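Notes follow once the structure below has been shown.
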Amino acid sequence: MPISLVPAALRYAEQVARSGSIQRAAKDLNVAASAINRQILQLEEALGVALFERIPKGMRATPAGDVMITLARRWRADERRAAAELREVRGVSQGHVRLAAMDSHVNGILPALIAELETRYPRISLDVEVMSTDAAVAALISGEADIAAVFNLSPHRDIHVRWTVELPFGCVVAPDHPLAQRPSVSLQEVVAFPLALQSRALMIRRYLEARHGWLFADNRKILETNSLQLAKILAREGSHVTLTSELDAAPELVAGTLVFRPVRDSSAEPQSASIAIDGRKPLTRVGRVVAELLEGLITTVLADARGS
């Protein structure tokens, strides 16, 4: 839309919160600082509350400011959605989709998604942010993401799960690792070897600590990292075992550089991969296109990994 339907005062307030000061916001928006300051002052007067604290290094949103900034971001998201729907009414298959995805999707799934869009839907543009499940949920709720492809999503009243698939809990090891010779493993067998575990920012680590806290006792040899790629490299080299899912290691499973072995302990709960959206608003047509492509790609990648 050439003209924004979001009031200027809200747009300016959001940019000030994002930039940290009126001067930086003015530069980012190419608008006079005096105009931004005037709009914010008028909005504060109309609402009867201060939206920002004036601090030596700039501006910091107050609790009331956070409320209005959240409103501004939701309105901007609604505005983008309305623009996409208007294009659909005109029969134009184009638009922009913001996707929150996991680190494991970078190898295989996301490149395939981008290639598919370029081939079949060249007028759909994509913005991809790699983040944790918690951050992806927050991005959906704030309107900063349209779709989230996440692992181990907990129920949330504002989140609608469009699609989900269950993933057995297990580990990946090098093909010549002793555990690779067994059809399944126990956690007791796994901890006999050095572990490369993902950091506490990820759901799988919190699951392990909550359900299998003994793994972290007795000064076991554990490497902790927020890089799934590093954990898989260490597993490929044969020096470590990584507790994860088939989807995390799908490219390596297909290539034969890693093998997956399910954990047979009765207490080991399956993991999940989900495609989720903000349940408070409908997904645009272009959003549905991206979501459906993602669902198909993940299904195909899993089938290839399990058939390897």
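Just name the residue that is surrounded by the most Cβ atoms within 10 Å (Cβ to Cβ) out of those in the stretch 135-172 that are closer than 20 Å to Arg74 by Cα and small (Gly, Ala, Ser).
Once the filter is applied, the top-ranked residue is Ala148.
Identify, by number, the condition in (1) more than 22 Å from Asn107 (Cα to Cα); (2) at pLDDT 90 or above that Leu230 doesn't meet.
Unmet for Leu230, out of (1) more than 22 Å from Asn107 (Cα to Cα); (2) at pLDDT 90 or above: (1).
Does any residue in the stretch 196-207 that is assigned by TED's automatic domain parsing to the domain that holds Asp134 and touching a residue at least 40 places away in the same chain (Cβ under 8 Å) come within less than 8 Å, Cβ to Cβ, of a residue that is assigned to a helix (DSSP H, G or I) and crowded, with 17+ Cβ neighbours inside 10 Å six or more places away or on a different chain, and which pairs are these?
Going by the 8 Å Cβ cut-off, there are no qualifying pairs.
Quick check: is even one residue across the stretch 199-213 modelled with pLDDT of 90 or more and acidic (Asp, Glu)?
Of the stretch 199-213, the ones modelled with pLDDT of 90 or more are none.
No.
How many residues, within the stretch 213-246, are touching a helix residue (DSSP H, G or I) at 6+ places or on another chain (Cβ under 6 Å) and part of a loop (DSSP other than H, G, I, E, B)?
The total comes to 2.
Would you tally the residues in the stretch 274-302 being more than 26 Å from Ala84 (Cβ to Cβ) and either surrounded by 17 or more Cβ atoms within 10 Å (Cβ to Cβ) or over 24 Å from the mean Cα position of the chain (by Cα) (or both)?
Total satisfying the criteria: 2.
Of everything in the stretch 97-134 that's surrounded by fewer than 17 Cβ atoms within 10 Å (Cβ to Cβ) and of a type in the set (S, T, N, Q), which residue is farthest from Val161 (Cα to Cα)?
Step by step, filter the stretch 97-134, then rank; the result is Thr119.
Give the residue that is surrounded by the most Cβ atoms within 10 Å (Cβ to Cβ), with candidates limited to residues of the stretch 247-263 that are part of a loop (DSSP other than H, G, I, E, B) and under 24 Å from the mean Cα position of the chain (by Cα).
Initial filter on the stretch 247-263 (part of a loop (DSSP other than H, G, I, E, B)): 247-249, 256-258.
Narrowing the set further to residues that are under 24 Å from the mean Cα position of the chain (by Cα) leaves 247-249.
Values: Leu247: 23, Asp248: 29, Ala249: 27.
For the stretch 247-263, the residue satisfying everything is Asp248.
Taking the stretch 107-132 only, how many residues are touching a residue at least 60 places away in the same chain (Cβ under 8 Å) and closer than 18 Å to Thr300 by Cα?
Adding up the residues that qualify gives 7.
Would you confirm whether any residue within the stretch 94-115 is of a type outside the set (A, V, I, L, M, F, W, C), in a loop (DSSP other than H, G, I, E, B) and on the phi < 0 side of the Ramachandran plot?
yes
Kindly establish whether Leu215 is surrounded by 13 or more Cβ atoms within 10 Å (Cβ to Cβ), free of Cβ contacts under 8 Å to residues at least 60 places away in the same chain and either among the aliphatic types (A, V, I, L, M) or touching a His at 6+ places or on another chain (Cβ under 9 Å) (or both).
It is true that Leu215 is surrounded by 13 or more Cβ atoms within 10 Å (Cβ to Cβ), free of Cβ contacts under 8 Å to residues at least 60 places away in the same chain and either among the aliphatic types (A, V, I, L, M) or touching a His at 6+ places or on another chain (Cβ under 9 Å) (or both).
Taking the options Gly58, Gly48, name whichever one is on the phi > 0 side of the Ramachandran plot and touching a Gly at 6+ places or on another chain (Cβ under 7 Å).
Within the list Gly58, Gly48, the selection yields Gly58.
Output the qualifying pairs, or none if there are none: Cβ atoms under 7 angstrom, residues six or more apart or on different chains, first residue in the stretch 1-13 and in the same structural domain as Glu44 (by TED's automatic domain parsing) and modelled with pLDDT under 80, second residue surrounded by 13 or more Cβ atoms within 10 Å (Cβ to Cβ) and of a type outside the set (Phe, Trp, Tyr).
Met1/Glu79; Met1/Ala83; Ser4/Arg11; Ser4/Glu79; Leu5/Glu79
Each row is one residue, and each column tells you yes or no for (1) within 30 Å of Gly213 (Cβ to Cβ); (2) in a helix (DSSP H, G or I); (3) outside the structural domain of Thr244 (by TED's automatic domain parsing).
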| residue | (1), (2), (3) |
| --- | --- |
| Asp265 | yes, no, no |
| Ile277 | no, no, yes |
| Val289 | no, yes, yes |
| Glu295 | no, yes, yes |
| Thr300 | no, yes, yes |
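State whether one or more residues within the stretch 205-226 are basic (Lys, Arg), closer than 28 Å to Ala100 by Cβ and out of contact with any strand residue (DSSP E or B) (no Cβ under 9 Å at 6 or more places or on another chain). Give the steps one after another, and end with the answer.
Narrowing the stretch 205-226 to residues basic (Lys, Arg): 205-206, 211, 220-221.
Narrowing further to those that are closer than 28 Å to Ala100 by Cβ: 205-206, 211.
The next check asks that each one be out of contact with any strand residue (DSSP E or B) (no Cβ under 9 Å at 6 or more places or on another chain); those that pass are 206, 211.
Within the stretch 205-226, one or more residues are basic (Lys, Arg), closer than 28 Å to Ala100 by Cβ and out of contact with any strand residue (DSSP E or B) (no Cβ under 9 Å at 6 or more places or on another chain).
Restricting to the stretch 139-191, name every residue that is small (Gly, Ala, Ser) and touching an Asp or Glu at 6+ places or on another chain (Cβ under 8 Å).
Initial filter on the stretch 139-191 (small (Gly, Ala, Ser)): 139, 142-143, 145, 148-149, 154, 170, 174, 180, 184, 186.
Matches in the stretch 139-191: Ala139, Gly143, Ala145, Gly170, Ala174, Ser186.
The values are calculated or read from the model by the stated rules, or taken from the named source; none is laboratory data. This one's a predicted model, so the numbers in the text were calculated from it and none came from an experiment. Positions of Cβ are generated from backbone atoms using ideal geometry, with glycine treated the same way; all protein chains shown enter the neighbour counts.
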